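Notes follow the structure.
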Amino acid sequence: MILEVVKYGRPVLRQKGERIEKLTPEIKQLIEDMFETMHERHGVGLAAQQIGRALQLTVIDVRDAKDRPSTLELKGKPADVDAFMPLVLINPEIKPFGDPVRQGEGCLSFPEIFAEISRTEFVDVKALDKDFKPIEFRAGGLLSRAVQHEVDHLNGILFIDRMEKKTKEELQDELDILQIATKAEIQKK
């Protein structure tokens, strides 16, 4: 089922997600719905907060992003990124490392807003997968960026918080308009 993606201005986007203690049928269905929603909107990642649920759950799929390559290491050896997708991360813990890289980023909760964001080149990830089994991997390129972006969401951090001050000032009118529209939409309900 396609879910509503909440927009900037919804308080849930600023909430730290609760840990998921067990894999329930509801969580399994939520994962399926999140993938369907993310693919429908042509995203590469979607966090539970973005569909109104403050949980430590995100889904990622970078297979369609051929113009921005990803790297993956499993147990210290290069692995096939496409074979590892789609990816579910439950209760993820990350350790970003490497040089900062500035690249364009967008967010499904900020339609039509894009900016250069600095993130580290690599990230080590520990999480539970869709079967609630532990996984560990090292990501680079777009996969690293997507993991860092989505884990930020799980902690109530938005990509606008990572923007340089000047960039955020340049986008402030668009951000204000989006936030006002979102608040007006909330009032209608």
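No lab work stands behind these numbers, since they all come straight from the coordinates. This one's a predicted model, so the numbers in the text were calculated from it and none came from an experiment. Ideal geometry is used to build each Cβ from the backbone, glycine not excepted, and the neighbour counts take in all protein chains shown.
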With the checklist (1) of a type in the set (Asp, Glu); (2) over 13 Å from the mean Cα position of the chain (by Cα); (3) under 21 Å from Thr37 (Cβ atoms) in hand, flag the one item Glu164 doesn't pass. (3)
Give the residues of region 156-174 that are under 26 Å from Ile60 (Cα atoms), surrounded by fewer than 17 Cβ atoms within 10 Å (Cβ to Cβ) and in contact with a strand residue (DSSP E or B) (Cβ under 7 Å, 6 or more places away or on another chain), sorted by residue number. Gly156
Among (1) in a loop (DSSP other than H, G, I, E, B); (2) surrounded by fewer than 16 Cβ atoms within 10 Å (Cβ to Cβ); (3) in contact (Cβ under 8 Å) with a residue 60 or more places away in the chain; (4) not polar (S, T, N, Q), which single condition is Gly9 missing? (2)
Restricting to region 78-111, and then to whatever is among the acidic types (Asp, Glu) and touching a residue at least 12 places away in the same chain (Cβ under 8 Å), can you tell me which residue is surrounded by the most Cβ atoms within 10 Å (Cβ to Cβ)? Glu105
Is it the case that region 98-120 has a residue that's in contact with a Lys or Arg (Cβ under 8 Å, 6 or more places away or on another chain) and on the phi > 0 side of the Ramachandran plot? no
Kindly check whether there is at least one residue in region 177-189 that is of a type in the set (D, E, K, R), without any contact (Cβ under 8 Å) to a residue 12 or more places away in the chain and not in a helix (DSSP H, G or I). yes
